[in-house]
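Single-structure report; data block below.
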Amino acid sequence: MKNGYPYFMLKEIHEQPEALKNTILPRLNKGIPDLTDDGIPDEILKGCSRIQIVACGTAMHAGMAARAFLEPVLRLPAAVSIASEFRYETPLIDEHTLVLVISQSGETIDTLAAMRLARSCHAPTIAVVNVKGSTIARESDYVFYTHAGPEIAVASTKAYSVQLASLYLICCRMAYVRGVYDNIQAAEFVKALLESVPAMETVIRGHEMIREAVSPLIHSRDAFFIGRGLDYTFSLEGALKLKEISYIHAEAYAAGELKHGTIALISDQVPVIAIATQEHIFAKTISNVREVKARGAYVILLTKESAMVEDGLADLHIRIPEIADRFTVFPIAAVLQLIAYYASVGKGLNVDQPRNLAKSVTVE
Ligand code: F6R
């Protein structure tokens with residue numbers, strides 16, 4: 001069942017490029033996303049004046065990344081809420097709010113309750129779900145199925161990637177039907193999205209290199225993941241993965257916010273994984289990396305291939321292939337998943353079944 005992989009998690013990391021293609025390609029019509037077969041009418045995408053995303057855990061992190069690209073493309077206010085918080089709030093949503101509900105299992109109780117609350121406010125819901133016929137899929141107004149195949153390891157990997165691919169497709173279709181993109185712009189968006197698939201493959205092929213990279217991490221009690229903008233949202237997921245399967249305390253921090261107190265925690269005992277793939281804020285993140293390096297941190301720096309940084313800034317520099325900034329999440333996610341995976345393996349832990357966790361959280 002593991003196809004020769006020692007753990008399901010490593011198998012599922014490797015399955016991601018295929019899962020991405022399975023999710024993206026059937027939705028393309030003349031090179032642009034078409035959601036007709038999903039039963040998602042353009043009117044729903046056209047009519048809304050804001051977007052609300054609800055989800056938990058890794059799915060919520062996919063939502064945070066989505067917010068960061070939906071809002072500037074569509075020029076629509078977009079918010080992300082933790083489902084377990086949202087469900088007890090009095091949200092300002094109505095029939096003009098498109099609610100995107102993200103869940104791999106489709107059974108997470110808080111996400112389900114958040115969706116029921118949204119529906120009771122007459123907001124149309126689109127559920128981005130992996131498991132066919134799950135409760136969230138059945139109760140949502142519309143469903144966009146991700147085609148990741150079954151995810152067995154407790155730590156979510158391929159589900160996160162396909163959730164993001166789905167959200168990019170929804171974003172592109174929305175931009176198209178709202179007149180933000182014409183045919184050519186929508187096709188270019190999709191082309192760039194597809195270029196991220198081989199980029200992710202390249203990273204996964206080089207996974208043994210990441211095994212060596214994480215050895216200093218294994219002996220650490222704490223670690224930080226930093227980045228700005230989209231990179232910050234990726235760092236949230238990197239920190240969650242590391243905590244979940246290696247039991248190393250990890251915190252994700254918006255790089256520019258470190259100096260407002262938290263930098264006091266940085267020392268030579270605290271590795272920092274810094275993500276800097278976004279051109280417009282690259283120099284700013286790098287200056288934050290200099291700050292942590294000056295305090296002795298062991299720095300693992302993740303950038304694009306072409307990034308120029310001074311010697312000695314990073315103890316380890318992992319470069320991902322050159323793709324559009326907007327889509328760097330796919331190769332970066334693979335790096336972050338592999339860092340967590342090899343930290344867990346290095347500590348001799350049960351990668352697929354971390355303590356205190358279940359695959360599907362059906363209790364409040
Ligand atoms: C972390 C992880 C969890 C889930 C969360 C939501 O690796 O798997 O954080 O993402 O419990 O689960 P779903 O997506 O099934 O609603």
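The values are calculated or read from the model by the stated rules, or taken from the named source; none is laboratory data. Since this is a predicted model, take the numbers as computed values, not measurements. Every residue, glycine among them, receives a Cβ derived from its backbone with ideal geometry; neighbour counts consider all protein chains shown. When the accessible area is computed, the model is the full protein with side chains, heavy atoms only, and any ligands, DNA or RNA have been set aside. Shrake-Rupley method; radii C 1.70, N 1.55, O 1.52, S 1.80 Å.
At a glance:
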{"quantity": "Residue 87 in contact (Cβ under 8 Å) with a residue 40 or more places away in the chain and either within 13 Å of the ligand (Cβ to nearest atom) or open to solvent by 30 Å² or more (accessible area, probe 1.4 Å) (or both)", "calculated": "no"}
{"quantity": "Flag if residue 44 is among the aliphatic types (A, V, I, L, M) and not in a helix (DSSP H, G or I)", "calculated": "no"}
{"quantity": "Some residue of the range 319-339 being assigned to a strand (DSSP E or B) and open to solvent by less than 40 Å² (accessible area, probe 1.4 Å)", "calculated": "yes"}
{"quantity": "Failed item, numbered, when residue 235 is tested on (1) in contact with a strand residue (DSSP E or B) (Cβ under 8 Å, 6 or more places away or on another chain); (2) within 16 Å of the ligand (Cβ to nearest atom); (3) of a type outside the set (A, V, I, L, M, F, W, C); (4) under 30 Å from residue 133 (Cβ atoms)", "calculated": "(4)"}
{"quantity": "Residue match in the range 11-30 (condition: in a loop (DSSP other than H, G, I, E, B) and out of contact with any Lys or Arg (no Cβ under 9 Å at 6 or more places or on another chain))", "calculated": "yes"}
{"quantity": "Residue within the range 347-363 that is away from the ligand (no atom under 16 Å from the Cβ), open to solvent by 10 Å² or more (accessible area, probe 1.4 Å) and closer than 21 Å to residue 236 by Cα present", "calculated": "no"}
{"quantity": "Checklist (1) free of Cβ contacts under 8 Å to residues at least 60 places away in the same chain; (2) under 30 Å from residue 200 (Cα atoms); (3) open to solvent by less than 20 Å² (accessible area, probe 1.4 Å); (4) part of a helix (DSSP H, G or I) applied to residue 51, failing item", "calculated": "(4)"}
{"quantity": "Enumerated helices (runs of 4 or more DSSP H) restricted to the range 108-224, each holding at least 1 residues that are open to solvent by less than 30 Å² (accessible area, probe 1.4 Å) and within 13 Å of the ligand (Cβ to nearest atom)", "calculated": "109-120, 135-139, 158-177"}
{"quantity": "Failed criterion for residue 101 (all others in (1) within 16 Å of residue 141 (Cα to Cα); (2) more than 16 Å from the ligand (Cβ to nearest atom); (3) in contact (Cβ under 8 Å) with a residue 40 or more places away in the chain hold)", "calculated": "(2)"}
